[in-house]
1. Any idea which of Leu262, Leu266, Leu286 is closer than 18 Å to Ser244 by Cβ and in contact with an Asp or Glu (Cβ under 6 Å, 6 or more places away or on another chain)?
2. In this structure, does Arg108 turn out to be surrounded by fewer than 19 Cβ atoms within 10 Å (Cβ to Cβ), out of contact with any strand residue (DSSP E or B) (no Cβ under 8 Å at 6 or more places or on another chain) and among the charged types (D, E, K, R)?
3. Being crowded, with 22+ Cβ neighbours inside 10 Å and on the phi > 0 side of the Ramachandran plot narrows it down to one of Gly215, Gly273, so name that one.
4. For the stretch 251-305, which residues satisfy the criterion of being part of a strand (DSSP E or B) and of a type in the set (Ser, Thr, Tyr)?
5. Name the residue that is farthest from the chain's Cα centre (by Cα), counting only residues in the stretch 321-357 that are of a type in the set (Gly, Ala, Ser) and modelled with pLDDT of 95 or more.
6. On the given criteria, is Tyr255 aromatic (Phe, Trp, Tyr), open to solvent by less than 20 Å² (accessible area, probe 1.4 Å) and touching a helix residue (DSSP H, G or I) at 6+ places or on another chain (Cβ under 7 Å)?
7. Looking at (1) closer than 25 Å to Asp96 by Cβ; (2) touching a residue at least 12 places away in the same chain (Cβ under 8 Å); (3) over 24 Å from the mean Cα position of the chain (by Cα), which one does Phe302 not meet, given that it meets all the others?
8. Can you name every one of the strands (runs of 3 or more DSSP E) wholly within the stretch 81-145 that holds 1 or more residues which are among the basic types (Lys, Arg) and in contact (Cβ under 8 Å) with a residue 12 or more places away in the chain?
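The values are calculated or read from the model by the stated rules, or taken from the named source; none is laboratory data. In this text the structure is predicted, and so the values were computed from the model without any measurement. With ideal geometry, Cβ positions are generated from the backbone for all residues, glycine too; neighbour counts draw on all protein chains shown. Keep in mind that these areas ignore ligands, DNA and RNA; they rest on the heavy atoms of the full protein, side chains included. Shrake-Rupley method; radii C 1.70, N 1.55, O 1.52, S 1.80 Å.
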Amino acid sequence: MKEINWMQEVENRKEALIEDTRKLLKIKSVLDEENATQEAPLGEGVRDALFFMLERGDTDGFTTKNVGNLAGHIEFGEGKESVGILCHVDVVPEGDGWSSDPYAAEVRDGKIFARGAIDDKGPTMAAYYAMKIVKELNLPLTKRVRMIVGTDEESNWRCVDHYFKHEEMPTMGFAPDADFPIIFAEKGISDFDIVQKKIDTENQEGAAVVYFKAGRRYNMVPDFAKIAIHTNQEETFIIQEFQSFLDKKQLKGKYYMDQGILILELEGISAHGMEPDLGENAGLLLATFISRFKLDKQAKSFFSFIKEYLNDDSRGKQLGIAYTDDIAGDLTINVGKLQYEQGNGGMLGINLRYPVTANVEKIQDMLAPKLQEYGFEVQNLSDSKPHHVDEKDFLIQTLKKVYEEQTGDKAELLAIGGGTYARSLKSGVAFGPLFPGRPDVAHQKDEYMIVEDLLKATAIYAQAIYELAK
């Protein structure tokens, strides 16, 4: 058979690929449970993004299926075995501070700027066009190729849970939702709330915290925090201290009075929760600042706990749960949601990512004494176990060959803190789209995907699909 120039095949479809990517990015597919319906169980935007992909597949002659408006698939080929490509079209909230409309999908400086550009709509379209290329070349295959499109990857994975209750598990596959070369190990991910038990606060002195809030998602570093305080006429002192704090830390924030209540606001830097140190957690910073003052008993306990055990420590050292292994590296903690309300107490939403050889039950046992000391308890615990594929597996060996042929670089095996759909498969890995040396802008303002990388990833995925399914 004549050797295929995969990159040339992509170039032949370049304009259509970019245009379809932009169309998908213009759909605001953020989870919207408040307006959920049976037809749109996770919100209309998420459903519309799913429908866009399925309709694209129908138009191009693929076999498609909508699975409960939560997921779907796009398939071609024949055979008992199948190669799965696991993608998602939901995105995290856009946040603040963008240079352009996060859903305009502007192309400038060789990049497409939009929420979801790199995570995961750009890569989804790259993988779709890779399938399209293999199909249009009419290459002989012995396995079916199936793209599974999810809609809840950024939250609770209800999409793949529902999908695999009704549909078959692919024989092998990859998720274009992380880094190149190949992610062969993913940390375990446990989300849970640390909830403060109510304390009797009658007849107490000290400033009263009316409310405090920061963060919207477990897996995002909060980039904004706000607190309201009854100051007992000490607002001038607190404001002076706050301004000094902003200057010393080189942070942005503001303060003002609202009907006799002092409001403090602080800006941080958002980042993906798998590596909190890439961001600046506005919630932890503001909570630590406010802990220095005389507060009512409940508030003092809440903010002191944050200062002592969570501030400036993403590795769990202060909590006594630090752990590392040679496969996946360090345990990490992201405090993605922080809330406090006068009379009701506080809540911390934790995103814990732990190495392949760690045991989450033991971690929880080690946490318990510290939580009890401050009157906290764990609620709403969820856990996704670590994932690891042997490097001698056919899937990994094939993808290594493809990557090295396409790039000329050695295909190193990587482990990540992020969780991709690859862990849904027994033989599944994350494969791109972020090339070595590129900054990871997922979940950040001005998220983008470099057009050149979109094209290169499409070529790699096309050859990978062929090599795995032939």
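1. Of Leu262, Leu266, Leu286, the one residue that is closer than 18 Å to Ser244 by Cβ and in contact with an Asp or Glu (Cβ under 6 Å, 6 or more places away or on another chain) is Leu262.
2. Judged against the criteria, Arg108 is a match.
3. Sole residue among the options that is crowded, with 22+ Cβ neighbours inside 10 Å and on the phi > 0 side of the Ramachandran plot: Gly215.
4. Within the stretch 251-305, Tyr255, Tyr256 meet the criteria.
5. The qualifying residue farthest from the chain's Cα centre (by Cα) is Gly346.
6. Considered against the rule, which asks whether it is aromatic (Phe, Trp, Tyr), open to solvent by less than 20 Å² (accessible area, probe 1.4 Å) and touching a helix residue (DSSP H, G or I) at 6+ places or on another chain (Cβ under 7 Å), Tyr255 comes out as no.
7. Only one criterion in (1) closer than 25 Å to Asp96 by Cβ; (2) touching a residue at least 12 places away in the same chain (Cβ under 8 Å); (3) over 24 Å from the mean Cα position of the chain (by Cα) is unmet by Phe302, namely (1).
8. 111-113
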